[in-house]
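The values are calculated or read from the model by the stated rules, or taken from the named source; none is laboratory data. Source: prediction; values computed, not measured. Here the Cβ positions follow ideal geometry from the backbone for every residue, glycine too, while neighbour counts run over all protein chains shown.
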Amino acid sequence: MSTFWFLPVFIICCSVILSVSLVTLDSYITVSQEGWQRFFMVNSTSSARSILSTISGAMIGVAGTVFSVTLVVLTLASSQFGPRLIKNFMYIKINQVVLGSYVSTYLYCLLILNSVKESADYTFIPSISIFVAILAAIANIILLIVFIHQIAISIQADKVISDISGSISKQVKEIFPEYMGDETEDEQEINIAAETSNYTKRISLTSPKNGYIQYIDTEVLMNIVVEEDLILELYHRPGSFMVEGLELGVVYSKVDWKENALKDLLDQFVIGNTKTAQQDLEFSIHQMVEIAARALSPGVNDPYTAVTCIDNLSATMCYLAKAKFPSKYRFDDDGNLRIVADALEFEGVLDAAFNQIRQFSGGSAAVIIRLMEALSTILSFSKKEKQRKAVIKHAEMVLTVGKETIREKNDIDDLTERAERILK
């Protein structure tokens, strides 16, 4: 789920339904107070109220503690790893389950407590419901131990980097599921002017509001373009920041289009206040880069974390070096050009992954040398000449930073030796 509140609220609603169901069951079933049942089933109203009051009070108290611990973890994560990683911690399922479990148990006990009746002519003790409340309390104690364990490991740098790396790996395999195979040539550029020469009308598609492009429904967009016999040229992709009135792209048409017709196209663009990782690979990579940049800041000075980030980013880039990037030219079933997209390229992802780390790594020999080793590994996976040129460009920049900021001659020699493997 993309919200923190949904799962806790769902668990709370389930507890309300469970309490009503069990009280109804208790009203039809008389529990025997003989045999083993006498050790577990409550047989007096005072005991029932005492047990339910104790459990409900304890649960709401622990729920407050869980709230506090969660906020402390979010604060630490924001200061140590960056505010953009708070979402990652909020969406951890165990945090949502623990919060929902304690609040729902508290509410369940209150509802059961309200059903306990004692008068001169009528006494009702929901024994089964109270027994379930005791079991829930035991389960919550175990859950608290699991929660503390999860919190303790969730703010460790290696665990955070590993989780982000896993998310990036899953995302790149969804966006780039195909391998390049034997394809080594770059795609040929298409003359847009020639393709649109028969389309007499040029309509500007402008952003309806400020914000980041979060999602583009390409399938519906293609259906509209084919149905209306259009050519759509896009200037921006998911992750780009749009200013109200800024040109998103251009629609080439053979007839005049009205504003309500353009609205159908604009409805396929989701623009929000924040970036999301759904279609924006660079956003996920920037999360990793932000951890490395903070680790290299003078106040933190943690090159080991930066090296771990470089290792995980190099694994992603090695996969992308073999992956088949979608063409920016999209054709319909008849082979007619319909959409010219602002497609993601290998060099752009490589820039996003290593530019800022290189800029912040000045003076750190371990990080600079590791960067060069990572580039050497990526080069060995790169098949296209354009990819190899991008890797070599980064290697030259890393070598320049190393020579300008590293003072120890032996470290410079180590860096130069690794650079020669790439630059040759």
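Whether any residue in the stretch 156-178 is in a loop (DSSP other than H, G, I, E, B), of a type in the set (S, T, N, Q) and closer than 30 Å to A292 by Cβ is what I want to check. Spell out the reasoning first.
Restricting attention to the stretch 156-178, the residues satisfying the condition of being in a loop (DSSP other than H, G, I, E, B) are 156, 176-178.
Filter once more, so that each one left must be of a type in the set (S, T, N, Q): 156.
Those left that are additionally closer than 30 Å to A292 by Cβ: 156.
Looking through the stretch 156-178, at least one residue is in a loop (DSSP other than H, G, I, E, B), of a type in the set (S, T, N, Q) and closer than 30 Å to A292 by Cβ.
So P298 clears everything in (1) in contact with a Phe, Trp or Tyr (Cβ under 8 Å, 6 or more places away or on another chain); (2) without any contact (Cβ under 8 Å) to a residue 24 or more places away in the chain except one condition, right? Which one?
(1)
R338 fails exactly one of the following numbered conditions: (1) farther than 23 Å from L85 by Cα; (2) among the charged types (D, E, K, R); (3) assigned to a helix (DSSP H, G or I). What is the number of that condition?
(3)
What is the residue count in the stretch 90-126 for residues that are touching a residue at least 60 places away in the same chain (Cβ under 8 Å), outside any loop (DSSP other than H, G, I, E, B) and in contact with a Leu (Cβ under 8 Å, 6 or more places away or on another chain)?
So the answer is 9.
In the stretch 68-89, what residues are closer than 17 Å to W5 by Cβ and in contact with a Leu (Cβ under 7 Å, 6 or more places away or on another chain)?
Those that are closer than 17 Å to W5 by Cβ and in contact with a Leu (Cβ under 7 Å, 6 or more places away or on another chain): I86, F89.
Assess whether S50 counts as being buried (at least 21 other Cβ atoms within 10 Å of the Cβ) and at pLDDT 85 or above. Show your work before the answer.
On the way: buried (at least 21 other Cβ atoms within 10 Å of the Cβ): no; at pLDDT 85 or above: yes.
Taking the combined requirement at face value, the residue does not satisfy it.
Considering (1) touching a His at 6+ places or on another chain (Cβ under 6 Å); (2) at positive phi, say which one F354 fails and leave the rest.
Condition (2) is where F354 drops out.
List, please: which pairs have Cβ atoms under 6 Å, are six or more places apart or on different chains, and start with a residue in the stretch 9-31 that is assigned to a helix (DSSP H, G or I) and modelled with pLDDT of 90 or more and end with one that is of a type in the set (F, W, Y) and surrounded by 12 or more Cβ atoms within 10 Å (Cβ to Cβ)?
S15/Y108; S19/Y108
Which members of the stretch 176-196 meet the condition of being surrounded by fewer than 15 Cβ atoms within 10 Å (Cβ to Cβ), at pLDDT 75 or above and either of a type in the set (A, V, I, L, M, F, W, C) or under 24 Å from the mean Cα position of the chain (by Cα) (or both)? Can you show your working first?
Initially, the stretch 176-196 is screened for residues surrounded by fewer than 15 Cβ atoms within 10 Å (Cβ to Cβ), giving 177-179, 181-191, 193-194.
After this cut, where a residue has to be at pLDDT 75 or above as well, the list is 189-191, 193-194.
Selection gives I190, A193, A194.
Considering only the stretch 366-374, I want to know if a residue exists there that is over 24 Å from the mean Cα position of the chain (by Cα), surrounded by fewer than 17 Cβ atoms within 10 Å (Cβ to Cβ), not in a helix (DSSP H, G or I) and not polar (S, T, N, Q).
Within the stretch 366-374, not a single residue is over 24 Å from the mean Cα position of the chain (by Cα), surrounded by fewer than 17 Cβ atoms within 10 Å (Cβ to Cβ), not in a helix (DSSP H, G or I) and not polar (S, T, N, Q).
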